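A short reminder: the numbers here are calculations on the coordinates, not readings from a lab. Model, not experiment: these values are computed from the prediction. Note that we place each Cβ from the backbone using ideal geometry, even for glycine, and neighbour counts take in every protein chain shown.
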Amino acid sequence: MFLNPNLKRIVWLPIIASVLIGGCALLSPAQSKTITLEGDEREAVLEYASPMGENLIAGLINRDYPTFSKDFDAAMKKGMDEAAFEQLLSTLTDKLGAYQSHEISQVLQDEKYTIVIYRLTYEKDNLVTMRVVFNRQEPHLISGLWFDSPELRKK
């Protein structure tokens, strides 16, 4: 599932083979190099990113759009409105079942963005990834989001 902040809705790719974030070409070789953060650099990012990621997850679990979108930048709020949020919830519930747990698996960074990759466990799929993209400039708001898993890719 691909969220492009410039669109009003989530664009469903055959429900997600691999998803790129609109405006954030982090994986493009033509763009700046993306590095994996470790140690103190990782911890510094997680100081601001972790609470925002927890808000996203709490919003998903509780079906609470204000909590889910609390830390979005303006483009994300425009791209992921309440109707799109309800559609996302429906897809996650239908394809993955009930949420069970999560952990942070990786923290990446390039010149403009920081990506925190979560591994989510759901009732029907324990290989769900949630990529949350943060602006590197303060206040480090969320500028991109996508989910991927084998179950989400099934038709």
Q | Those aspartates and glutamates that a straight Cα-Cα span of less than 14 Å connects to LYS155, excepting residues fewer than 8 apart in one chain | A | ASP94
(Q) For Cα pairs less than 8 Å apart in space and 6+ apart in sequence, what is the mean separation divided by the residue count of the stretch 35-153, i.e. the relative contact order in percent? (A) 22 percent
Q.
Restricting to DSSP loop positions (anything but H, G, I, E, B) with no more than 12 other Cβ atoms inside 10 Å of their own Cβ, which GluC sites (Glu not before Pro) remain in the stretch 46-115?
A. GLU111
Q | Along principal axes, Cα extents of the stretch 35-153, largest first, whole Å | A | 37, 29, 22
Q: Would you list, by chain and number, the lysines whose Cα falls below 20 Å from the Cα of LYS33, excluding same-chain residues fewer than 8 positions away?
A: LYS112
Q.
Apply the Karplus curve 6.51 cos²θ - 1.76 cosθ + 1.60, θ = phi - 60°, to the phi angles in the stretch 112-120 and return the couplings in whole Hz, x for Gly and Pro.
A. 10, 10, 10, 10, 10, 9, 9, 10, 10
Q.
Using only the alpha-carbon atoms, what does the stretch 69-112 span along each of its principal axes? Please give whole angstrom values in decreasing order.
A. 37, 28, 16
